[in-house]
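Engineer: Structure incoming, see below.
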Amino acid sequence: MKNNPPIIQQRLGTPKVNYSYGAYNNVEERGQTIRITEGCPHNCPFCYEPQKFKFFGLPEIVRNKVKIIDMNLLAKDVYFLKIPQILQKLGHKRVNNKVVYYELECGVDYRFLTQEIADMLYKYRFGNFNKKGKWTRNIKIAWDWQYGQFEGIFDAVQMLKRAGYKPKEISVFMICNWKISFYECMDKLQVLGIWNVLVNDCWFDNQRKGEVKPIWWTKEEIKEFGHYARKHNQLVTFGGYDPECRK
C-alpha cells in the first residue's frame, strides 16, 4: 500500500449540484422518501452536510417502502429521543396492516454502530431498494476515508453479521476519483474480497458510472477500478463463480 500525504479536513466551496437541506417527506405511488434529521459531526471535505444537528421529527409513514435520506442518522443524539427509539418507532409502523421496509440511503457510519443498533436494523427491515423498487436485505457501510479505518469497518461488518445479515448482504461505500488514491482503494477492495462483502464504488463530485471524468485519478485508473469493482461484486454475489466466464 502506498503512503498518502495527510488530507486537510477543509470544506469544499459551493456545491456543483442542487444539494437538499431541511425536512423532507415525498410520497409517491410506490414509495416514500423522508429526512428525519440533518447534520454530521465529521465535516468531511467531500461533503456539503452541515455540522449543526437538526431533528425534524418522524413524518407520518403512509407507504410500505420508505427511503431515509439522512446523511448520518446514527450520529444523532436528539434530545430525549435516542437512535434505538427512532428505529423502534419506525420498525413498529404498519401501513394497511402490513410492515414497512426501509433503506438508509447514505449507509451506516461505523463509528456510531453498536450491536444493539445492528440488531435493530436487521429486526426492523433496513435494507436496500433496487432500481425497480424491490427491497433486499442489503445494508450499506461508509468507508469514505483511508485504509486506516480498517479495524472499525471490520468490527461493523462483524456486528451486522451477528445481527443476521449475510456477508453478501453487506456492501461498503468507497469514494473513488478523489484524494484517496487508486492504489489505496484497490487495497480496500482486496480486504472486502477477503471479507466476502460487496462494494459500492461512489464517484467523487456525484459523477455517474460510465460518465466519470478524471479529477484526482487518471482515466486508466477510473476504468480499471470500475472493472475490478464490478467483477468483485459478481464473484461475491455468485459465490465465487464468474457468470461472464466462458467455457
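The values are calculated or read from the model by the stated rules, or taken from the named source; none is laboratory data. Because the structure is predicted, anything quoted here is derived from the model rather than measured. Every residue, glycine as well, gets a Cβ built from its backbone with ideal geometry; the counts of neighbours run over all protein chains shown.
Engineer: What tally of residues in the range 65-94 results from selecting those that are in contact with a Leu (Cβ under 7 Å, 6 or more places away or on another chain) and either assigned to a strand (DSSP E or B) or more than 17 Å from Lys123 (Cα to Cα) (or both)?
Structural biologist: So the answer is 2.
Engineer: Output yes when any residue across the range 95-104 is under 18 Å from Trp195 (Cβ atoms) and either of a type in the set (Gly, Ala, Ser) or assigned to a loop (DSSP other than H, G, I, E, B) (or both), and no when none is. Don't jump to the end; show me each part of the working.
Structural biologist: So the first thing to find is which residues in the range 95-104 are under 18 Å from Trp195 (Cβ atoms), and the list is none.
Taking every residue of the range 95-104 in turn, none turns out to be under 18 Å from Trp195 (Cβ atoms) and either of a type in the set (Gly, Ala, Ser) or assigned to a loop (DSSP other than H, G, I, E, B) (or both).
Engineer: Can you find a residue that is over 29 Å from Arg125 (Cβ atoms) and among the acidic types (Asp, Glu) anywhere in the range 178-197?
Structural biologist: yes
Engineer: A further question follows. Would it be correct to say that Thr37 is modelled with pLDDT of 90 or more, over 20 Å from Phe129 (Cα atoms) and under 17 Å from the mean Cα position of the chain (by Cα)? Before the answer, list the steps.
Structural biologist: On the way: modelled with pLDDT of 90 or more: yes; over 20 Å from Phe129 (Cα atoms): yes; under 17 Å from the mean Cα position of the chain (by Cα): yes.
When the stated conditions are applied, Thr37 passes them.
Engineer: Here's another thing I want to ask about it. So, in the range 47-85, exactly how many residues are acidic (Asp, Glu), loosely packed, with under 15 Cβ neighbours inside 10 Å and at pLDDT 90 or above?
Structural biologist: Taking the range 47-85 first, the residues acidic (Asp, Glu) are 49, 60, 70, 77.
Now narrow it down to the ones that are loosely packed, with under 15 Cβ neighbours inside 10 Å: 60, 77.
Imposing the further condition that a residue be at pLDDT 90 or above reduces the set to 60.
Counting residues in the range 47-85 that are acidic (Asp, Glu), loosely packed, with under 15 Cβ neighbours inside 10 Å and at pLDDT 90 or above gives 1.
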